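The values are calculated or read from the model by the stated rules, or taken from the named source; none is laboratory data. Keep in mind it's a predicted model, so treat the numbers as computed, not measured. Quick reminder, even Gly has a Cβ in these numbers, built from the backbone with ideal geometry, and neighbours come from all protein chains shown. Side chains included, ligands, DNA and RNA excluded: accessible areas come from the protein's heavy atoms. Shrake-Rupley method; radii C 1.70, N 1.55, O 1.52, S 1.80 Å.
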Amino acid sequence: MSAEQPEPTSAEALPAGASDDFGWTLGVLLRAYHNSVVSVIGDFPHGPRGYQTLAAVLGGDHPTQLALAAHLGIDRTVMTYLIDDLVAKGLVERRLNPADRRSRRIVATPEGERVFRELGRRVRHAEDRLLGALAPAEQVAFRHLLARVACDVSDIEPVTDPCTVAEKLLSDSVR
């Protein structure tokens, strides 16, 4: 390591052949995550983006379509089609918003909750396999730290669509 780069804080050295290049490691992890999640969610409407939308609906903090779009960084027009497809599959409903009758709340149906629980178990299993190089306590710490960084980035650049960024990175890696 050069004088400008600090030594890793961990007592463990990087595995042979590993790079400490942040962009490279994120790219490898993103591709592996995408491939793992796609394989376990199957034909879920809109793939990982649809799954994340259903997760946000069940989280309950973003009750309207517009709020969901802003939270997930998805264009509001795209969100309309995404919600239409989730409604068509019986996973969510649009209901009148008692606070503003001009808008609709997006609410998960009992079928949406059931499907999400099942998919959630499979996604979590895929994530655990992906993080298998880490001890269980390290996995928890990694998830926590990643969430902190992600929340800080969304405060800096809230209009970035994380799905678009992921799709661009994935398409660039194929070339």
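Worth a mention:
- Pairwise FRET efficiency - R102 versus W24, Cβ, R0 = 30 Å, nearest 0.05: 0.05
- Using θ = phi - 60° in the Karplus curve 6.51 cos²θ - 1.76 cosθ + 1.60, the 3J(HN,Hα) couplings for region 101-112 round to 5, 7, 10, 10, 8, 9, 10, 6, 7, x, 5, x Hz; x is entered for Gly and Pro.
- Straightening the chain between R143 and R121 buys 6.3 nm, computed as 0.36 nm per residue apart minus the Cα-Cα spacing.
- The distance between label points at T109 and L134 comes to 3.6 nm (points 7 Å beyond Cα on the Cα→Cβ vector).
- By accessible area with a 1.4 Å probe, ligands and nucleic acids excluded, highest first: order of R49, R95: R95, R49
- Gain on full stretching of the segment that runs from E93 to D75 - 0.36 nm per residue minus C-alpha separation: 4.5 nm
- Over all distinct Cα-Cα pairs of region 31-77, the Kirkwood formula returns a hydrodynamic radius of 11.4 Å.
- Rounded to the nearest 20, the Cβ-based charge dipole of region 68-136 about its Cα centre (Lys and Arg +1, Asp and Glu -1) stands at 220 debye.
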